[in-house]
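Report on one structure; see the data block that follows.
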Amino acid sequence: MNKPAEEDWDIAITPKNNLLNLQLKDVWQYRDLLVLLVRRDFVSFYKQTILGPIWFFVQPIITILIYNLVFNNLANIGTDKIPGPIFYLAGTIIWNYFADCLTKTSTVFRDNSAMLGKVYFPRLIMPLSIILSNLIRFSVQFLLFILLLLIYYFKGYAIAPNLYLLLFPFLIILIAALGLGFGMIISAVTTKYRDLTFVVTFGVPLLMYTTTVIYPLSAAITKYPAYSWLIKFNPVTAVIESFRYGFLGKGTFSWQLLGYSSIVTLFILLAGIIIFNKVEKTFVDTV
């Protein structure tokens, strides 16, 4: 009797034995799905709106105008001698990218429960699609920042970009990894405890005030020394300050703070991966 030939499968689905396994090979095989999800997020968010993607510009412009009126003019909070609009825009686009990655990733299981329970694909594709779709929004707002920077530069304002702006790709990877890590941790917990969703909804905007979005780190250390440690050791602060220092030439740059932020981000990302992979096995029964 002839022995049956071994079957050669394109994809073999096996249980995970390693909680740190990201299945990046599978993610690459499903890259078409990743592109499709990014496109879906982009289109659905602005579908049936009059201005459409113009909101990419409208939202940060309105935000920086309000910040400039309230914090710069009324509260008289300094901006390190940088024009208010460009100062606030630099912090706003970084913070918005982080906040969007965190909040949208934190509900990824709940928002996609119908799809996740019916078909196999690497679950990491879902949070990765959120990171990439938000990166499109950030890129558009970054172009607005560059345009405003050039306007102030040629008007003779004391703006001096320097070599530290070469850290820009690393800063974006850092802030994306931080949002992804926090988001995956929260998404895993919210499969059982939905209350955390409400905490994230009102907690993330409040968390912004512990970063240097609306004030420089130097002002926080000088005026609020009792709380400066909370601001200084917020991992987002080092990213915002480094971004401002590289592109505007003003602010507080510290390799120690940036290194601290990198270590915290790596720890949170690893914790997020472990928790995400652990909950992924049973989330369909609890979501």
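Laboratory data are not the source of any read-out in this text; all were calculated from the coordinates shown. Small disclaimer: the values here were computed from a predicted structure and weren't measured. When we count neighbours, we look across all protein chains shown, and the Cβ atoms used for this are built from the backbone with ideal geometry, even at glycine.
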- prompt: Where q = 0.10, 0.11, 0.15, 0.24 Å⁻¹, what log10 of I(q)/I(0) comes from the Debye formula for segment 128-240, counting one point per Cα?
  reply: -0.42, -0.51, -0.91, -1.40
message: Can you order the peptides 64-72, 82-90, 129-137 by their average number of other Cβ atoms within 10 Å per residue, highest first?
response: 82-90, 129-137, 64-72
- prompt: Over all distinct alpha-carbon pairs, what is the Kirkwood Rh of segment 70-212 in angstrom?
  reply: 17.2
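Give me the one-decimal Kirkwood hydrodynamic radius in Å for segment 174-248, with the sum taken over alpha-carbon pairs.
Numbers: mean 1/r = 0.0722 Å⁻¹.
Final number for the Kirkwood radius of segment 174-248 is 13.9 Å.
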- line: Scoring only Lys, Arg, Asp and Glu (+1, +1, -1, -1) among other residues with Cβ under 14 Å from the Cβ of Y245 yields +1
message: When a/c reaches 1.5 or more, the comparison of a/b and b/c decides; with that in mind, is segment 224-271 rounded, prolate or oblate per its Cα gyration tensor?
response: oblate
query: Ordered by residue, what ³J(HN,Hα) values in Hz, to whole numbers, does segment 101-110 give under the Karplus form 6.51 cos²θ - 1.76 cosθ + 1.60, where θ = phi - 60° and Gly and Pro are x?
result: 4, 5, 5, 6, 5, 5, 10, 5, 5, 5
- prompt: Whole-Hz Karplus ³J(HN,Hα) for segment 28-38, in order, using 6.51 cos²θ - 1.76 cosθ + 1.60 and θ = phi - 60°, x for Gly and Pro?
  reply: 5, 5, 9, 4, 5, 5, 4, 4, 5, 5, 4
statement: Diffing segment 94-100: the Karplus 3J(HN,Hα) column from phi (6.51, -1.76, 1.60, θ = phi - 60°), in whole Hz with x for Gly and Pro, holds 5, 5, 4, 5, 4, 5, 5
